């Protein structure tokens, strides 16, 4: 069951993902207020405000029915509490719904079972994982946020693996990889804003996690090139994430596996391949 899209959605740290979401919300008839330092790259359809979220705001923000936070640790120097407090204090009241975009990096160094589900609690085994876990805690404490944890995001303009396939001398072929296409991730964000009963935590992952070796070999075959070899010191590693909650929320993925997604990317970027 879904509700109507928010009338006004505030997107804090509106980068590539926030822009993809914002376009969907505008098409649905909503208003988007985008916050970031450089707003020159944002669509004209957004109400964009240039500011540094780590500094106290000198002017109030407009009322927002929903808040989406897509800030990276580097954008706030790891200090999410200050950035989120600044946003909350500048708003006339807390939004009815907040989604905080984290990452499955909260499970870096995970020693528990596989695949990892939303019921598994990250334990902060690495410095990066602890920063992300603290950010999630702050978002829940201050804003009662829904936590969205994407895996590796790919899509137009996010073609790292294609470039790696073409240029790397070797790859970590034994590493387990998980990915989500940006289009499906934007759909997931929109669904979290409009669902009548959204999950409190959501892992955004497609239906086929697999070893990096398989993905690179597939991309190389589509490009018609020789795939880089697996590094001598490569060994099975990495986590696997269960995507059943995402699938229940969306009903289907437009890009259910790496083959569908990378075939499209290769065809668009290398039409002669």
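The values are calculated or read from the model by the stated rules, or taken from the named source; none is laboratory data. Since the structure is predicted, the reported quantities are computational estimates derived from the model, not experimental observations. Here the Cβ is made from the backbone with ideal geometry for all residues, glycine too, and neighbour counts use every protein chain on show.
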Take the conditions surrounded by 15 or more Cβ atoms within 10 Å (Cβ to Cβ), closer than 16 Å to residue 265 by Cβ, in contact with a helix residue (DSSP H, G or I) (Cβ under 8 Å, 6 or more places away or on another chain) and free of Cβ contacts under 8 Å to residues at least 60 places away in the same chain and apply them to residue 206. Does it pass? yes
Could you pull out the residue among 42, 35, 84 that is part of a helix (DSSP H, G or I), touching a strand residue (DSSP E or B) at 6+ places or on another chain (Cβ under 9 Å) and within 28 Å of residue 3 (Cα to Cα)? 84
Residue 116: within 18 Å of residue 8 (Cα to Cα), at pLDDT 95 or above and touching a helix residue (DSSP H, G or I) at 6+ places or on another chain (Cβ under 8 Å), yes or no? no
Looking only at residues in region 134-172 that are crowded, with 21+ Cβ neighbours inside 10 Å and assigned to a loop (DSSP other than H, G, I, E, B), which one is nearest to the chain's Cα centre (by Cα)? 151
In this structure, is residue 201 touching a strand residue (DSSP E or B) at 6+ places or on another chain (Cβ under 9 Å), at pLDDT 95 or above and farther than 26 Å from residue 145 by Cβ? no
Across (1) closer than 17 Å to residue 16 by Cβ; (2) crowded, with 21+ Cβ neighbours inside 10 Å; (3) at pLDDT 95 or above, residue 71 clears everything bar (3)
Is it the case that some residue within region 128-139 is at pLDDT 95 or above and farther than 19 Å from residue 72 by Cβ? no
So residue 197 ticks every box in (1) assigned to a helix (DSSP H, G or I); (2) more than 15 Å from the chain's Cα centre (by Cα); (3) touching a residue at least 12 places away in the same chain (Cβ under 8 Å) but one. Which box is left unticked? (1)
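Can we say residue 120 is surrounded by fewer than 20 Cβ atoms within 10 Å (Cβ to Cβ) and under 17 Å from residue 139 (Cα atoms)?
Numbers: surrounded by fewer than 20 Cβ atoms within 10 Å (Cβ to Cβ): yes; under 17 Å from residue 139 (Cα atoms): no.
No.
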Output for region 113-127, where each listed residue is in contact (Cβ under 8 Å) with a residue 24 or more places away in the chain and farther than 21 Å from residue 249 by Cα: 114
Could we say that residue 73 is over 19 Å from the mean Cα position of the chain (by Cα) and either under 16 Å from residue 101 (Cα atoms) or touching a residue at least 24 places away in the same chain (Cβ under 8 Å) (or both) here? no
Can you pull out every residue in region 178-191 that is buried (at least 20 other Cβ atoms within 10 Å of the Cβ) and part of a helix (DSSP H, G or I)? 182, 184, 185, 186, 187, 188, 189, 190
